[in-house]
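What follows is a single structure, written as structure tokens, with notes after it.
Where a number appears in this text, it was derived from the coordinates with a stated rule and is not lab data. All figures in this text were calculated on a predicted structure; none of them were measured in a lab. So basically every Cβ, Gly included, is an ideal-geometry build from the backbone, and we count neighbours across all protein chains shown.
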Amino acid sequence: MRKVLVTGAGGQLGLDVCDVLSGEMPPGAAVGRLPAAKMGRISGYEVIRATHDLLDITERSVVMEAVSTIRPDVIVHAAAYTRVDDCEHDQDMAFAVNAVGTRNIAEAARRYGAYVAYVSTDYVFDGASDRPYVEWDIPSPISVYGRSKLGGEMELDGEWSAVRTSWLCGARGGNFVKAIVGAYRDGKPLKVVNDQRGCPTVTSDLAGMLGWIATERLPGVFHVTNRGAASWWDVARFIVQELGGDPNIVQPITTTELDPPRAAPRPPNSVLDNMALRTADMDYMPDWQDGIARLIRALDET
């Protein structure tokens, strides 16, 4: 049986990727179409779930020993230091995990013949463009997090893949959707920024496509997000409406009005165009509204 090593297996995306590769349905998955419909095709792998406790990717010797023992055919590298604001205060930690950690994974993969699918981010762009970013646009990150994740991309071989995504939310782990659902149900005021635009992406949808890219060993950079762009304010209004509330209770604010202020600069426009998939007729990602509606139902079922 072929083996897939999943780093970051304890995170909200890693958990869904492990489900997909094991032939299971992650919470909130889109039943009957890609990426969920592909699960039967990409299942049948022995999945090795590497959480941080089991595999510290910053330790080269640990990574080399693990990969030499497991001998995976594929490595889905989802482990990352994603606390964006903390990265601004601890640049060394951000680069140790996101760049050097990826270097360690890449070195081990080369030595033992594994393909790598690396999860990257919209934060590799500065957000100054007036259009969505495509895979061939030149990155220009404005935060430590973005620079460290771009550093990880630079460690990859050309026959591997970098899968950039954005604004992740899933049934397991903390995220924006859960925060808004909780605040609304607790009757708390909702003030949400409306000057940042991106592509909300549900982890169960991303996991299916990521698993497919990895097991098909597709090379190159891919943007993989749910379809459509929105501001955080738009997303919050949609969530409240899905919960049966009045979306007008969500008050728009600017990023500079956030209290407390955020340490890391955010790209005002981080909308990604899934051009590499779309032009190859492989963009099976649903609209973000569809994904978040499924996620809300999944949260109510857990």
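Roughly how tilted is helix 60-70, in degrees to the nearest 10 and between 0 and 90, from the longest Cα axis of the chain? Tilt of helix 60-70: around 70 degrees. Annotation: for a label point projected 7 angstrom from Cα along Cα→Cβ of W136, residues of segment 212-239 with backbone N closer than 16 Å are 220-223.
Using only Cα atoms and rounding to the nearest 10 degrees, what angle (0 to 90) does helix 288-301 make with the longest principal axis of the chain? Result, in degrees: 90. Per-residue 3J(HN,Hα) values for segment 152-162, derived from phi via the Karplus relation 6.51 cos²θ - 1.76 cosθ + 1.60 with θ = phi - 60°, read x, 4, 5, 8, 7, 7, x, 7, 8, 10, 10 Hz in sequence order (x marks Gly and Pro).
Placing unit charges on the Cβ atoms of the charged side chains and taking the dipole of segment 231-300 about its Cα centre, the candidate lying farthest along the positive direction among L299, T255, A280 is T255.
Across the chain, the mean sequence separation of Cα contacts (distance under 8 Å, 6 or more residues apart), normalised by length, yields a relative contact order of 23 percent.
Are there chymotrypsin sites (Phe, Trp or Tyr not before Pro) in segment 106-169 that DSSP marks as loop and that have at most 13 other Cβ atoms within 10 Å, and which are they? Walk me through the numbers on the way to the answer.
Numbers: sites: Y112, Y115, Y118, Y123, F125, Y133, W136, Y145, W160, W167; in loops: F125, W136, W160, W167.
The qualifying sites are W136.
Couplings 3J(HN,Hα) of segment 193-199, computed from phi: 5, 10, 10, 10, 10, x, 10 Hz, in residue order, whole Hz [Karplus 6.51 cos²θ - 1.76 cosθ + 1.60, θ = phi - 60°; x for Gly and Pro].
Charges at C-beta only: +1 for Lys and Arg, -1 for Asp and Glu. How large is the resulting dipole of the chain about its Cα centre, in Debye rounded to 20?
460 debye
Dipole orientation for the chain: of the candidates V4, A128, A108, V4 has the Cα lying most toward the positive pole (charges on Cβ; Lys, Arg +1; Asp, Glu -1).
Kirkwood Rh over alpha-carbon pairs of segment 136-227, then Stokes-Einstein at 37 °C and 0.692 mPa s: what D in µm² s⁻¹, rounded to an integer?
Numbers: Rh = 15.5 Å.
D, rounded to a whole number, is 212 µm²/s.
Top mean-square fluctuation among H52, H77, H223, Gaussian network model of the chain, C-alpha springs under 10 Å? Its mean-square fluctuation being the largest, the pick is H52.
Can you check what the net charge comes to around M154, using other residues whose Cβ is under 12 Å from the Cβ of M154 (Lys, Arg +1; Asp, Glu -1)? Don't skip to the end; give the middle numbers.
On the way: positive: R103, R147, K149; negative: E153, E155, D157.
Around M154, the surrounding residues sum to 0.
For the chain, a Gaussian network of Cα nodes joined below 10 Å ranks I138, I57, I48 by mean-square fluctuation, and the top entry is I138.
Test of the criteria: in segment 141-222, which trypsin sites (Lys or Arg not before Pro) are in a DSSP loop and have at most 16 other Cβ atoms within 10 angstrom of their Cβ? Please list the in-between numbers first.
Numbers: sites: R147, K149, R164, R172, K178, R185, K191, R197, R217; in loops: R172, R217.
Here the sparse-neighbourhood loop sites are R217.
Over all pairs of different C-alpha atoms, the chain has a mean inverse distance whose reciprocal, the Kirkwood radius, equals 19.4 Å. Under the rule a/c < 1.5 gives rounded, and otherwise a/b versus b/c splits prolate from oblate, where does segment 202-302 land using the Cα gyration tensor? Oblate, because a/c is 1.5 or more while a/b does not exceed b/c.
Once the Cα atoms are used to define both axes, helix 232-242 deviates from the longest principal axis of the chain by about 80 degrees.
Using only alpha-carbon positions, what ratio does the radius of gyration of segment 42-193 give when scaled by 2.2 N^0.38 Å?
Compared with the compact-globule rule of thumb, segment 42-193 sits at 1.17.
Placing unit charges on the Cβ atoms of the charged side chains and taking the dipole of segment 141-262 about its Cα centre, the candidate lying farthest along the positive direction among L150, W232, G187 is G187. Rounded to the nearest whole Hz, the Karplus-based 3J(HN,Hα) values (6.51 cos²θ - 1.76 cosθ + 1.60, θ = phi - 60°) of segment 203-214 follow the sequence 4, 5, 6, 4, 4, x, 5, 4, x, 5, 4, 5, with x at glycine and proline.
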